[in-house]
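Since the structure comes first, as structure tokens, the remarks are kept for the end.
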Amino acid sequence: FGLSGKADVVVPIAFGDWGGYFNGTDTTRAANGMGDLRFRLSVNFLGAPALEKADFPGYTPTKISGISLQVITPTGKYDPDRLINLGSNLWVFRIQW
């Protein structure tokens, strides 16, 4: 359609030891593994047209507007009995413009 855009996939991996106190309770935790997978599709609908490689040197940017949809999946390591988790255990649908 002559519009520029991109698709992203983010696979967060975490290794570490976390600790702290919450309401007098020790929340220390060692957690290793995967966080929640994220998928995002972004499209610019004003300005920033799709260009061929040869057109980039002569292109002058103008105002750009776009929209993106991000989906965060509950695939990360999650333990409901712990305060510190690598995953959130919920689906998130985020639209940004």
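The values are calculated or read from the model by the stated rules, or taken from the named source; none is laboratory data. Quick caveat, the model's predicted, so the values are computed rather than measured. Here the Cβ is made from the backbone with ideal geometry for all residues, glycine too, and neighbour counts use every protein chain on show. For the accessible areas, the whole protein counts, side chains as well, though only heavy atoms, and no ligand, DNA or RNA atoms are used. Shrake-Rupley method; radii C 1.70, N 1.55, O 1.52, S 1.80 Å.
Within the accessible area of the chain, the carbon and sulfur atoms contribute 59%, probe 1.4 Å, all protein chains present. Per-residue surface analysis assigns Ser65 an accessible area of about 40 Å², computed on protein heavy atoms at 1.4 Å probe radius. Of the listed values (i) 1.18; (ii) 1.11; (iii) 1.59, identify the label whose number matches Cα Rg over 2.2 N^0.38 Å calculated from this model. Identified label for the calculated read-out: (iii). Taking all protein chains together and rolling a 1.4 Å probe, Asp26 ends up with roughly 90 Å² accessible.
With contacts taken as Cα pairs under 8 Å at a separation of at least 6 residues, the chain carries a relative contact order of 28 percent. Accessible area per residue was computed with a 1.4 Å probe on protein heavy atoms; Ser88 scores about 50 Å². Loop-located chymotrypsin sites (Phe, Trp or Tyr not before Pro) across the range 1-44 with a Cβ neighbour count of 14 or fewer within 10 Å are Phe1, with loop assigned by DSSP.
Restricting attention to the range 1-79, close to 100% of DSSP beta bridges with both partner residues there are antiparallel.
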